[in-house]
Protein chains: 2
Amino acid sequence: MVEPKVWTAALLVIGDEILSGRTQDKNVGQVAAWLNRQGIRLAEVRIVPDDQARIADAVNALRSAYDYLFTTGGIGPTHDDITVDSIAAAFGVPVVIHPEARRILERDDETRGGVTDARLRMARVPEGAELIPNPLSGAPGVRLGNVLILAGVPTLAAHMLEALDGTLEGGRPMVSVTIGALAAESEVADLLRETEAAHEGVAIGSYPFGKDGHYGANFVIRSEDGAAAEQCAADLGRRLADAGYDAVPGGI
Amino acid sequence: MVEPKVWTAALLVIGDEILSGRTQDKNVGQVAAWLNRQGIRLAEVRIVPDDQARIADAVNALRSAYDYLFTTGGIGPTHDDITVDSIAAAFGVPVVIHPEARRILERDDETRGGVTDARLRMARVPEGAELIPNPLSGAPGVRLGNVLILAGVPTLAAHMLEALDGTLEGGRPMVSVTIGALAAESEVADLLRETEAAHEGVAIGSYPFGKDGHYGANFVIRSEDGAAAEQCAADLGRRLADAGYDAVPGGI
């Protein structure tokens, strides 16, 4: 049997504000969840500062290692927005004004007496790039080869992802099933390892918590084979019950 | 004048749960803020899955590129906790039971009839490693050379950071000063660029927001030279006022 191809993506988060601790990133989670639905696995994330060489190096490392590379951040109108320049440098192509992006900005700014030079910065793309529509604000995202350049503001990134829905080649969506139990992780460690070993193509993650003075954990069973995930979850539920724990479907 | 050394660190977040979108990372922000106070700059973050080869490769790339490497995640008692094994592999050393870590676990588990094999997993360290105290739960963090191995649970990681307070060599703490204005970013883009260029050793970040139907932005002035940051902030405030904007100290 030929194994189906596993489609993978990386995410490059660009921004001093994340690395300084000023801003809590919200894009890793939403890109991950969106990729799961497309049947693409988020396999690596990097966060780098607003530095052209650092961005370009990371872009070249990640776009060759994975099927897709998403970036978030650095596509606004100010001096610290250098993502387009950095990705053009990574590909060795010039930066050009995209005529359609210019039209969108001009249309949006018609009532304000026309588009400013600073706003026009947002129409700059690496030569050969296509636009990713952004229904919320005028400035679009950008696609160049397997690199998808999204906004850093999470609501804008979400709209760009929505526009990309179903347009990328992927595999089967990842299925995850959660079971919770008021069990100390260390007490069920053997049971978890044995259950995972008994089910091919399935991974079990264990995530402990403390709640109302009790220790417990949620066990997340993940697979691209939905039936295998369900079978493994049922098996884990039985094994937990046999060991004297109440297994809570959906988690605690 | 000799430039003072800039101390840098990377953070490696280990965990399928972050890459699957199940769990929102909270460690990037708290490690970043803690490093700022130590005078160490967070220069890169990577997030990788629970895979020994991927972890070891990232550890070796990052520990040689930066002064310090912090890791979070994967040091619990279950089968998916493989951080210690992966870092030992990266350094080419065996995994051993640390006698002091074993004593801590045995002491904690005395009333429960002794430490179990699964719990004892948490006393495993790469040979030559020291412990990082964890006053909250028994299982300690681990230090090997310039690599600092912290828990993934944010409250546990916070206690390990507290234990490390003031123990790492660093430079001057990073100072940041924020000014807000109800200005569209694109309208002040030139002004920001000119202000930054006029102040050496200072970086200005621009973070837009929409609020009550108005567009605005917060401008964050960062420098290791506190006086330079304050001077730049005062200058930016004057320039914004001259351009007709109310500059709000502390941000909006």
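The values are calculated or read from the model by the stated rules, or taken from the named source; none is laboratory data. Computed from a predicted model, the values in this text were never measured in an experiment. Positions of Cβ are generated from backbone atoms using ideal geometry, with glycine treated the same way; all protein chains shown enter the neighbour counts.
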Filter region B:194-234 down to the residues that are more than 21 Å from B:Arg172 (Cβ to Cβ) and crowded, with 16+ Cβ neighbours inside 10 Å and list them by number.
B:Thr195, B:Ser206, B:Tyr207, B:Pro208, B:Gly216, B:Ala217, B:Asn218, B:Phe219
What residue, of B:Val84, B:Val93, is out of contact with any Cys (no Cβ under 9 Å at 6 or more places or on another chain), at pLDDT 95 or above and either more than 26 Å from A:Leu191 (Cβ to Cβ) or within 11 Å of chain A (Cβ to nearest Cβ) (or both)?
B:Val93
Please count how many residues of region B:214-251 are outside any helix (DSSP H, G or I), away from every other protein chain (no Cβ under 14 Å) and not charged (D, E, K, R).
6
Which of the residues belonging to region A:36-81 are free of Cβ contacts under 8 Å to residues at least 40 places away in the same chain, out of contact with any strand residue (DSSP E or B) (no Cβ under 8 Å at 6 or more places or on another chain) and either more than 11 Å from chain B (Cβ to nearest Cβ) or not in a loop (DSSP other than H, G, I, E, B) (or both)?
A:Gln52, A:Ala53, A:Ala56, A:Asp57, A:Asn60, A:Ala61, A:Ser64
From A:Glu3, A:Glu44, which residue is among the charged types (D, E, K, R) and at pLDDT below 95?
A:Glu3
Determine whether region A:17-33 contains at least one residue that is modelled with pLDDT under 95, under 26 Å from B:Gln38 (Cα atoms), within 12 Å of chain B (Cβ to nearest Cβ) and assigned to a helix (DSSP H, G or I).
yes
Those residues that are loosely packed, with under 11 Cβ neighbours inside 10 Å and of a type in the set (Gly, Ala, Ser), I need them from region A:100-113; list them, please.
A:Gly113
Pick from region A:181-190, criterion buried (at least 21 other Cβ atoms within 10 Å of the Cβ) and touching a residue at least 24 places away in the same chain (Cβ under 8 Å), ranking: farthest from the other protein chains (Cβ to nearest Cβ):
A:Ala181
For A:Ala10, only one of the following conditions fails: (1) within 11 Å of the chain's Cα centre (by Cα); (2) facing chain B (nearest Cβ under 7 Å); (3) of a type in the set (A, V, I, L, M). What is its number?
(2)
Return the residues of region A:69-83 that are out of contact with any Asp or Glu (no Cβ under 7 Å at 6 or more places or on another chain), surrounded by 24 or more Cβ atoms within 10 Å (Cβ to Cβ) and of a type outside the set (Gly, Ala, Ser); say none if nothing qualifies.
A:Leu69, A:Phe70, A:Thr71, A:Thr72, A:Thr83
For A:Thr167, indicate whether it is touching a residue at least 24 places away in the same chain (Cβ under 8 Å), among the hydroxyl-bearing types (Ser, Thr, Tyr) and surrounded by fewer than 19 Cβ atoms within 10 Å (Cβ to Cβ).
no
